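The values are calculated or read from the model by the stated rules, or taken from the named source; none is laboratory data. Keep in mind the model is a prediction, meaning the values are calculated, not measured. Positions of Cβ are generated from backbone atoms using ideal geometry, with glycine treated the same way; all protein chains shown enter the neighbour counts. Areas reflect the complete protein model, heavy atoms only, side chains present, ligands, DNA and RNA absent. Shrake-Rupley method; radii C 1.70, N 1.55, O 1.52, S 1.80 Å.
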Amino acid sequence: MTRVLTPIRRLTRMALLAPMLAGSALLATGAMTPVAHAALANGTTAPDFTLDGALGGKPIKFSLKEELKKGPVVLYFFPAAFTSGCTLEAHAFAEAIPTFKKLGATVVGVTAGNVDRVAEFSKEECRSAFPVLADPGAKVAGLFDSQKTQGSFALSSRTSFVITPEGKIVLSYTSGDPETHVQKTLEAVQVWRVAQPVQKAP
């Protein structure tokens, strides 16, 4: 027996189905992606890690623990090398490297996307100014709760951290706008630097 829907029941069913159908359509077109977990918060101890990467096209091995011995680290995760937003972000960080260096901070980028092109990206888009690390499967991004999925791929969200030499996170910033990350991280490093005790000459 075929069930006949009255006009009111038909409208009610359509209203209930509309959000689900819209969501399916957006996912199919890539307009909607799953929300990433909240990144590690300020005051959290940064997880240590070691990754392979490149600086100026040349291979390097980066250890967070070792780099923190030199000063604060600006660690920024980005989705994929040679995508438009990530290229803009790389250019912005490259231009700001002299200022970060004056403050004693190291900048390093990490990506799980197009990891086979990290060396090329470090030279062309990062302008050999700072290292870029390959994070296959976004495993390190996962340690920082900065992992997201796009289809069957695990990528890092666009999240930046400022980590003090003691290993504490003093800035955790997630934004889809690539050009705001330099300003936010630079401000955090400056605030941290001002708060440091003045070293007296012996």
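Brief remarks on what is shown
- Scanning region 174-202 for residues that are of a type outside the set (S, T, N, Q) and in contact (Cβ under 8 Å) with a residue 60 or more places away in the chain turns up Gly176, Pro178, Glu179, His181, Val182, Leu186, Val189, Trp192, Arg193.
- Cβ-Cβ distances below 7 Å connect the following pairs, each with a first residue in region 58-73 that is at positive phi, a second residue that is surrounded by 11 or more Cβ atoms within 10 Å (Cβ to Cβ) and not in a helix (DSSP H, G or I), and a separation of six or more residues or different chains: Gly71/Gly104; Gly71/Ala105; Gly71/Thr106; Gly71/Pro165.
- Wholly within region 83-169, helices (runs of 4 or more DSSP H) carrying at least 2 residues that are farther than 20 Å from Gln183 by Cα and open to solvent by less than 30 Å² (accessible area, probe 1.4 Å): 118-124, 139-143
- The residues of region 40-82 that are part of a strand (DSSP E or B), surrounded by fewer than 14 Cβ atoms within 10 Å (Cβ to Cβ) and in contact with a strand residue (DSSP E or B) (Cβ under 7 Å, 6 or more places away or on another chain), listed by number, are Thr45, Thr50, Pro59, Lys61, Ser63.
- Whenever a residue of region 42-54 is of a type in the set (Ser, Thr, Tyr), its partners that are surrounded by 13 or more Cβ atoms within 10 Å (Cβ to Cβ), lying with C-beta atoms within less than 8 angstrom and at least six residues away or across chains, give the pairs Thr44/Lys168; Thr44/Ile169; Thr44/Ser172; Thr45/Gly167; Thr45/Lys168; Thr45/Ile169; Thr50/Phe62; Thr50/Leu64.
- Among residues of region 30-61 being β-branched (Val, Ile, Thr) and within 18 Å of Pro79 (Cβ to Cβ), the one that is modelled with the highest pLDDT is Val35.
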